[in-house]
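Colleague: Can you read through this structure? Questions will come right after.
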Amino acid sequence: MANPFAADLLAWFRTNAADLPWRRDRDPYRVWLAEIMLQQTQVATVVDYYLRFLARFPSVEALAAASLDDVLKLWEGLGYYSRARNLHRTAQIVVAEWGGVFPRTAAELQTLPGIGRYTAGAIASLAYNQDVPAVDGNVIRILTRLYNSVEDTAQPAAQKRLWTLAASLVPPGEAGPYNEALMELGRVICKPKAPRCDICPLRDYCQAFAAGVQDERPVRQRRVATPHYDVAAGVIHGAGEFAGHFLIAQRPPDGLLGGLWEFPGGKREDGEVMSQTLARELQEELGITVEVGDLVVRVRHAFTHFRITLHAYDCRVVEGDPVPVEATALAWVTLNDLDRYAFGAADRRIIAALRERPRRML
């Protein structure tokens, strides 16, 4: 179908597009890096990370040659660390199998780790100007308002129809600026809450606005309650040659927070108090018996699908030598050493608490 609003959208974008660093160079590597960083992360947060990342890894070859530990450390704080692991792996594949040049088509791009349908469409259209759509949450919100869709957008059938609709609306030869204009419109005008309909360039085309139901679109299924878990972590103090050191563990490379370092511990089981949880977890994970001491800090943190309260305690080893039963590696480190390791957000709160208090041992 012909797109009735593309001209107005593109005219608005030419005048109102924000000056963002990834818009200054359409090199596929830079487009890909920005798109991966922008997944589930606000633009304002990404800018500094993007510039630091490019300074350290200015090309896909530089990223492929880096160690995963270096990549994770530079990514620290952006969250969703599987994105960083996939970024590193994809760089290696592009260099080894594609001669350092990213594939040009959306279908080929989707064969690479961490590149789904949206990201493939974004790279293909922004870097190569392929006439393909890029449907993210912003675009879904805009389309369901423009066409006043009452379908539950979480359902696969509804998503399929939205992708088909989006593809039919891409103006030939202008997919790159058009897709980016939609993203920008969703970011600054057609917001999830309190959309700025009074200044929207597409207001005259919007069926939901005409019906006064723009705040009710898109339709989504009701969310289930987010589960909560109590988790114990041990700040294990060294003795002898490791006096003044703490023991940290590296998580396995796959799964939640894969490859990051942590203060070891685990989830509380029914009927346990936190000290029992920590003693059990450290026996299972490290093969050691510990004496659990004072609470260091209590941290509340939310992941995508669950929440935790992390209880960190001072610990002293009373029997056994730590071995990485369930971890990839272990390290005895000082407070100053911790800056060399990549940690998740909750563990960084533990580090901050350690640095704020006078050093005291069990």
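The values are calculated or read from the model by the stated rules, or taken from the named source; none is laboratory data. Since the model is a prediction, treat every value here as computed from it, not as a measurement. Virtual Cβ from ideal backbone geometry, glycine too; neighbours counted across all protein chains shown.
Colleague: Is the range 22-42 home to any residue that is charged (D, E, K, R), touching a Ser or Thr at 6+ places or on another chain (Cβ under 8 Å), under 17 Å from ASN138 (Cβ atoms) and surrounded by 13 or more Cβ atoms within 10 Å (Cβ to Cβ)?
Modeller: Kept after step one, since they are charged (D, E, K, R), are these residues of the range 22-42: 23-27, 30, 35.
Filter again for touching a Ser or Thr at 6+ places or on another chain (Cβ under 8 Å), leaving 35.
Still in the list and also under 17 Å from ASN138 (Cβ atoms): 35.
Add one more test, that the residue is surrounded by 13 or more Cβ atoms within 10 Å (Cβ to Cβ), and what stays is 35.
Yes - at least one qualifying residue is present in the range 22-42.
Colleague: Further question: For the range 215-229, check the following and say yes or no: at least one residue is within 27 Å of ALA17 (Cα to Cα) and of a type in the set (S, T, N, Q).
Modeller: no
Colleague: Can you pull out every residue in the range 213-272 that is of a type in the set (S, T, N, Q), more than 22 Å from the chain's Cα centre (by Cα) and in a loop (DSSP other than H, G, I, E, B)?
Modeller: GLN221
Colleague: Does ARG355 qualify as being out of contact with any helix residue (DSSP H, G or I) (no Cβ under 6 Å at 6 or more places or on another chain) and either surrounded by 12 or more Cβ atoms within 10 Å (Cβ to Cβ) or more than 24 Å from GLU241 (Cα to Cα) (or both)?
Modeller: No.
Colleague: May I ask you to list pairs of residues, at least six apart or on different chains, whose Cβ atoms are under 8 Å apart, with the first in the range 219-236 being in contact (Cβ under 8 Å) with a residue 24 or more places away in the chain and loosely packed, with under 12 Cβ neighbours inside 10 Å and the second being among the polar types (S, T, N, Q) and not in a loop (DSSP other than H, G, I, E, B)?
Modeller: HIS228/THR309
Colleague: Name the one entry in ARG26, ARG56, ARG52, ARG85 that is under 21 Å from the mean Cα position of the chain (by Cα) and touching a residue at least 60 places away in the same chain (Cβ under 8 Å).
Modeller: ARG85
Colleague: Tell me yes or no: at least one residue of the range 73-85 is assigned by TED's automatic domain parsing to the domain that holds ALA34, more than 17 Å from LEU38 (Cα to Cα) and touching a Phe, Trp or Tyr at 6+ places or on another chain (Cβ under 9 Å).
Modeller: Initial filter on the range 73-85 (assigned by TED's automatic domain parsing to the domain that holds ALA34): 73-85.
So of that shortlist, the ones also more than 17 Å from LEU38 (Cα to Cα) come out as 73.
Among the residues that remain, those that are also touching a Phe, Trp or Tyr at 6+ places or on another chain (Cβ under 9 Å) are: 73.
For the range 73-85, residues assigned by TED's automatic domain parsing to the domain that holds ALA34, more than 17 Å from LEU38 (Cα to Cα) and touching a Phe, Trp or Tyr at 6+ places or on another chain (Cβ under 9 Å): present.
Colleague: With the condition being among the aromatic types (Phe, Trp, Tyr), buried (at least 16 other Cβ atoms within 10 Å of the Cβ) and on the phi < 0 side of the Ramachandran plot, I'd like the helices (runs of 4 or more DSSP H) fully within the range 98-190 carrying at least 1 qualifying residues.
Modeller: Helices (runs of 4 or more DSSP H) meeting the threshold: 117-128, 156-169, 175-188.
Colleague: Looking at (1) farther than 25 Å from ASP70 by Cα; (2) at pLDDT 95 or above, find the lone condition where ALA331 falls short.
Modeller: (1)
Colleague: Among the candidates VAL323, VAL296, single out the residue that is in contact with a helix residue (DSSP H, G or I) (Cβ under 7 Å, 6 or more places away or on another chain) and either assigned to a strand (DSSP E or B) or closer than 14 Å to VAL231 by Cα (or both).
Modeller: VAL296
Colleague: Let me ask something additional. Which numbered condition in (1) touching a strand residue (DSSP E or B) at 6+ places or on another chain (Cβ under 9 Å); (2) over 30 Å from CYS197 (Cα atoms); (3) of a type outside the set (S, T, N, Q) is the only one that PRO218 fails?
Modeller: (2)
Colleague: Also: Can we say VAL290 is touching a residue at least 40 places away in the same chain (Cβ under 8 Å) and over 29 Å from the mean Cα position of the chain (by Cα)?
Modeller: Considered against the rule, which asks whether it is touching a residue at least 40 places away in the same chain (Cβ under 8 Å) and over 29 Å from the mean Cα position of the chain (by Cα), VAL290 comes out as yes.
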